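Q: One structure, as structure tokens, below. Some questions next.
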Ligand SMILES: Nc1ncnc2c1ncn2[C@@H]1O[C@H](COP(=O)(O)OP(=O)(O)O)[C@@H](O)[C@H]1O
Ligand SMILES: [Mg+2]
């Protein structure tokens, strides 16, 4: 468990995690998947922003609340080609996300996939994920982050 006291700190943790993940060699048959759970405003998108920056993405990063899926090309690391940021907040039927090609995205070992509101698409998720949970802390800008592999 990590306590952060600003969005900057949350991004920094995410950045470190991205570098750790991207820098290690993983032998995988499917995408490396990270789920982000937590209430609205807990910091899921903020965490993804830090992660993408840590992966060397320079492009402007906005929340995929309306587009559901956003993709970024990875240039600085050779084992991964793309990072997908998926927000399932608006997904009510698993079919909606299947129509967006999520299976292909999750099956490709050259992808990293970050999923907000994973509980909405429970049945489609791979068994092995890195589960990140964000909770509000006691003070205004405090957040408690847990990362389970
Ligand atoms: N410690 C913190 N970690 C992350 N975000 C924080 C923190 N403190 C304040 N915030 C603010 O909380 C909001 C989190 O929003 P966002 O990342 O979009 O949440 P979510 O995607 O979980 O709905 C942002 O406005 C961010 O600046
Ligand atoms: Mg969000």
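What follows draws every value from the coordinates through simple rules; no lab data is involved. Every value quoted in this text rests on a predicted model; they were computed, and no experiment measured them. As a convention, Cβ positions derive from the backbone with ideal geometry for all residues, glycine included, and neighbour counts pool all protein chains shown.
Q: Among the residues of the range 57-80, write down those that are surrounded by 15 or more Cβ atoms within 10 Å (Cβ to Cβ), more than 9 Å from ligand 1 (Cβ to nearest atom) and not in a strand (DSSP E or B).
A: Correct list: 57, 61, 64, 68, 74, 77, 79, 80.
Q: Now a separate question. What are the residues in the range 1-38 that are free of Cβ contacts under 8 Å to residues at least 24 places away in the same chain, closer than 27 Å to residue 102 by Cβ and either under 17 Å from the mean Cα position of the chain (by Cα) or part of a helix (DSSP H, G or I) (or both), if any?
A: 20, the sole residue that qualifies.
Q: OK, next. Among the residues of the range 15-32, is there at least one that is touching a strand residue (DSSP E or B) at 6+ places or on another chain (Cβ under 6 Å) and away from ligand 1 (no atom under 13 Å from the Cβ)? Working first, answer last.
A: Pass one, the range 15-32, residues touching a strand residue (DSSP E or B) at 6+ places or on another chain (Cβ under 6 Å): 31-32.
Narrowing further to those that are away from ligand 1 (no atom under 13 Å from the Cβ): 31-32.
Yes: one or more hits.
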